[in-house]
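K.L.:
Once you've had a glance at the structure underneath, I'll fire off some questions.
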Amino acid sequence: MITEEQARTLFRHMCNARLPLLLNGGIDFTSDAPPALSVIIVAHDQFALTMSTLASLRANYHGSMQVLLVDSGSRDGVAGIEDHVRGIEVLRFAGNIGFVRGCNAALARVRAPATLYLNNDVDLQYGAVARALSRLMADEATGAVGARVIRTHGLLQEAGSLIWRDGSVQGYMRDAHPCVPEAGFVRAVDFCSGVFLMVRTDVLQVLDGFDESFAPAYFEETDLCMRIRTLGYRIMYDPGVCLVHYECGTSDGTSASRLIARNNDLFTRRHGPALRRRLLRHDPLQARARHADDGRHILFIEDRLPLRHLGSGFTRSNDIVTTLAGLGYHVTVFPIFRPIESAATLAAAFPETVEVIHDRELPDLPDFLRARSGCFDAIWIARTQNAARVASILNDAASCIPADHIVVDTEALVACRDMEYDRLHDITPSPPLSERLERELRPLFLAQRVVAVNAAEADLLRAAGFDNVSVLGHVQVPRPTGPGWAARRDILFLGAVHEMRSPNLDSLAWFSSEVLPLLVAQLGADIRFTVCGHTGPRVDLGPLRHNPNVRMLGRVADTAPVYDQHRVFVAPTRYAAGIAYKLHEAAANGLPVVGSPLLCQQAGWRDGQDMLCASVTDPADFARQVVRLYHDQTLWDTVRDNALTRIATEHAPQDYASRVADIMNAVFTPG
């Protein structure tokens with residue numbers, strides 16, 4: 001890897017090499033439309049850097065903008081820059097008035113509702129300006145937006161910045177790789193660098209811009225952000241707003257340290273009462289200090305990063321993470337197994353405010369907890385097997401973690417699933433259910449609150465001696481707008497198959513070999529059984545792929561059209577625990593279900609009303625119920641409407657959020 005000094009030399013060399021092209025081609029900011037954005041750039045010489053920045057700005061954002069360039073006593077090409085750049089407004093000063101006074105002089109001429117302070121030594125990355133403008137205007141409580149700033153050698157300058165109690169400041173994650181998880185999520189911060197700081201113009205006008213006590217530069221943006229926050233606005237860091245910064249390319253290095261010391265002292269005296277509410281400077285507390293608001297911090301531990309397409313409880317975990325974030329918690333998701341999915345997949349999978357640890361796994365957890373000592377207010381562990389995996393780690397890290405605020409979410413009791421498997425295959429249970437449960441539940445000593453997915457499993461937990469049990473099922477939003485009975489055809493199964501002993505694979509094998517031939521005989525040779533969903537790399541679906549009546553879709557990005565095409569959903573689950581997410585999802589999408597008595601019992605639904613139950617040991621009975629629902633429009637409408645009603649009344653997002661909030665309140669309530 002090249003040194004930063006070498007990288008800066010190369011950056012400057014490229015700006016110089018690019019200059020003749022920019023002079024010949026011209027840069028044009030002219031527009032007849034009112035500007036959506038005013039950009040203020042202060043330049044003291046540095047013609048090649050300034051031209052390169054202007055070219056980057058023009059290429060980055062194609063909307064109408066007002067560009068105000070302050071020529072602060074330049075003696076090079078900046079003194080005649082309007083000869084090469086059309087549509088800019090130049091404010092020219094005979095001497096170097098500095099960044100602060102230059103910005104304030106330009107502020108008086110700003111015409112747009114948003115103002116961008118932009119250094120003249122940057123290279124804007126794709127979509128940065130539009131992203132920042134969208135972020136700023138999306139919420140009236142947002143006063144300013146800052147960027148992920150990368151130095152020329154490829155390491156971070158900052159991902160938002162921290163203010164400590166002693167008045168010192170710190171660029172969060174400086175010197176880290178720009179793609180580390182810690183830099184990859186949106187959050188409210190103390191301040192963002194003036195390298196790229198977009199602010200509401202009316203807020204700037206109320207505050208009269210930068211405080212000129214900090215002239216010529218340093219701490220002016222820190223002070224400004226503090227004053228913006230005093231007005232009740234937030235300063236937002238957005239990693240999608242990204243740029244490369246030459247850093248110190250336009251300042252006098254010999255005077256910088258003196259100015260920093262002077263202005264730091266001024267800033268500390270000016271904001272003493274507010275600083276007393278900040279954290280003491282301590283490296284392990286950076287992960288807490290990086291947030292400017294008071295939300296509690298939750299560590300969420302799962303097998304894998306809970307991507308929705310994985311099914312098998314991961315969809316529910318994703319809903320819990322999303323709900324916690326929606327309730328104002330700062331959520332960090334840590335996987336037991338290192339993710340294999342692409343960065344693009346992970347970026348779209350969670351709310352933008354969630355920190356997703358995509359580069360670590362279980363062996364890294366001890367160091368992670370020590371590095372984050374004192375940062376988390378609670379830990380949510382998904383699945384009992386994960387509680388077993390992390391129990392000794394949490395014991396060893398007890399002084400670093402919120403040991404009294406741990407949730408263990410059982411998701412589904414494996415002992416119950418295994419008992420159903422034994423019953424299905426006429427295996428004498430060994431050991432019995434009580435002993436299997438006792439072994440599975442041993443790690444629950446960790447938990448201040450235990451969560452079950454349904455009432456039946458909650459009763460088992462209480463019978464095992466746990467009096468701290470909450471029930472949290474699934475969340476769904478009904479979508480009753482799909483086509484009616486006559487516009488649909490064929491049969492659908494949608495679910496994930498992770499391994500060869502998966503209950504879903506057992507369901508598919510039994511249905512396709514035992515039931516589907518009967519359906520072909522009764523519904524016609526053109527009937528199709530569609531199988532949709534994630535399939536693990538070690539799963540062999542060969543027999544299904546070779547069946548002419550089976551249509552394999554695999555994973556699809558949008559399942560709504562798939563649901564809308566089909567007339568009947570089948571869930572021939574023969575052994576399982578918890579509640580099948582696929583049952584609720586199909587019903588929420590307006591597709592009636594024929595399923596096993598086990599699923600009907602787990603969900604607490606009514607046979608013949610909310611779904612049709614069919615034997616999973618008698619193929620003829622299952623086929624009969626499918627044909628009945630397939631042909632009887634009145635029955636189809638009744639089951640569909642009843643199931644949609646249950647989804648709306650039992651799985652509404654607002655009720656789900658209330659249940660999650662109640663669980664967390666119980667965790668944080670003493671006794």
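K.L.:
Considering only residues that are at pLDDT 95 or above and either at positive phi or part of a loop (DSSP other than H, G, I, E, B) (or both), look in region 501-534 and name the one that is least open to solvent (accessible area, probe 1.4 Å).
P.N.:
I527
K.L.:
Now for a separate question. Looking at region 620-656, which of its residues are over 19 Å from L492 (Cα atoms) and not in a helix (DSSP H, G or I)?
P.N.:
H651, A652
K.L.:
Run down A256, A217, A261 and say which single residue is modelled with pLDDT under 95, more than 30 Å from M664 (Cβ to Cβ) and part of a loop (DSSP other than H, G, I, E, B). Spell out the reasoning first.
P.N.:
Numbers: A256 fails: part of a loop (DSSP other than H, G, I, E, B); A261 fails: part of a loop (DSSP other than H, G, I, E, B).
One residue alone meets the criteria, A217.
K.L.:
Pull up region 117-164, narrow it to residues that are more than 17 Å from A188 (Cβ to Cβ) and of a type in the set (G, A, S), then point me to the one that is farthest from the chain's Cα centre (by Cα).
P.N.:
Going through the qualifying residues, I end up with G154.
K.L.:
Working only within region 138-171, note down all residues that are of a type in the set (G, A, S) and open to solvent by 10 Å² or more (accessible area, probe 1.4 Å). Let's see the steps before the verdict.
P.N.:
First, the residues of region 138-171 that are of a type in the set (G, A, S): 138, 141, 143-144, 146-147, 154, 159-161, 167-168, 171.
Of everything in region 138-171, those that are of a type in the set (G, A, S) and open to solvent by 10 Å² or more (accessible area, probe 1.4 Å) turn out to be A138, A141, G154, S168, G171.
K.L.:
Of the residues F376, F368, F300, only one is at pLDDT 95 or above and either of a type in the set (K, R) or assigned to a loop (DSSP other than H, G, I, E, B) (or both); which? Full working, then the answer.
P.N.:
Working: F368 fails: either of a type in the set (K, R) or assigned to a loop (DSSP other than H, G, I, E, B) (or both); F300 fails: either of a type in the set (K, R) or assigned to a loop (DSSP other than H, G, I, E, B) (or both).
None of the other options fit; the residue is F376.
K.L.:
Do you know which residues across region 308-334 are under 20 Å from L362 (Cβ atoms), modelled with pLDDT under 95, not in a helix (DSSP H, G or I) and not hydroxyl-bearing (S, T, Y)?
P.N.:
G313
K.L.:
A further question follows. Taking the stated definitions as given, is I235 in a strand (DSSP E or B), among the β-branched types (V, I, T), open to solvent by less than 10 Å² (accessible area, probe 1.4 Å) and modelled with pLDDT of 95 or more? Even if it seems obvious, please write down each step before you answer.
P.N.:
On the way: in a strand (DSSP E or B): yes; among the β-branched types (V, I, T): yes; open to solvent by less than 10 Å² (accessible area, probe 1.4 Å): yes; modelled with pLDDT of 95 or more: yes.
In short, yes.
K.L.:
When you look at A7, is it over 36 Å from the mean Cα position of the chain (by Cα), under 20 Å from R151 (Cα atoms) and open to solvent by less than 30 Å² (accessible area, probe 1.4 Å), yes or no? Quick ask: steps written out before the conclusion?
P.N.:
Details: over 36 Å from the mean Cα position of the chain (by Cα): no; under 20 Å from R151 (Cα atoms): yes; open to solvent by less than 30 Å² (accessible area, probe 1.4 Å): yes.
The answer is no for A7.
K.L.:
All but one of (1) crowded, with 17+ Cβ neighbours inside 10 Å; (2) in contact with a strand residue (DSSP E or B) (Cβ under 9 Å, 6 or more places away or on another chain); (3) without any contact (Cβ under 8 Å) to a residue 60 or more places away in the chain hold for V39; state the number of the condition that does not hold.
P.N.:
Failed condition: (3).
K.L.:
Go over the candidates T573, T617 one by one and state the one that is crowded, with 21+ Cβ neighbours inside 10 Å, among the hydroxyl-bearing types (S, T, Y), out of contact with any Lys or Arg (no Cβ under 6 Å at 6 or more places or on another chain) and at pLDDT below 95.
P.N.:
On the way: T617 fails: crowded, with 21+ Cβ neighbours inside 10 Å.
Selected residue: T573, the only one of T573, T617 that is crowded, with 21+ Cβ neighbours inside 10 Å, among the hydroxyl-bearing types (S, T, Y), out of contact with any Lys or Arg (no Cβ under 6 Å at 6 or more places or on another chain) and at pLDDT below 95.
K.L.:
Give me the strands (runs of 3 or more DSSP E) completely within region 66-150, filtered to those with at least 3 residues that are over 27 Å from R229 (Cα atoms), ordered by residue number.
P.N.:
Ranges flagged: 88-93.
The values are calculated or read from the model by the stated rules, or taken from the named source; none is laboratory data. It should be emphasised that the depicted structure is a prediction, and the values quoted were computed from it without experimental measurement. When we count neighbours, we look across all protein chains shown, and the Cβ atoms used for this are built from the backbone with ideal geometry, even at glycine. Protein only, heavy atoms only, side chains kept; ligands, DNA and RNA dropped before computing areas. Shrake-Rupley method; radii C 1.70, N 1.55, O 1.52, S 1.80 Å.
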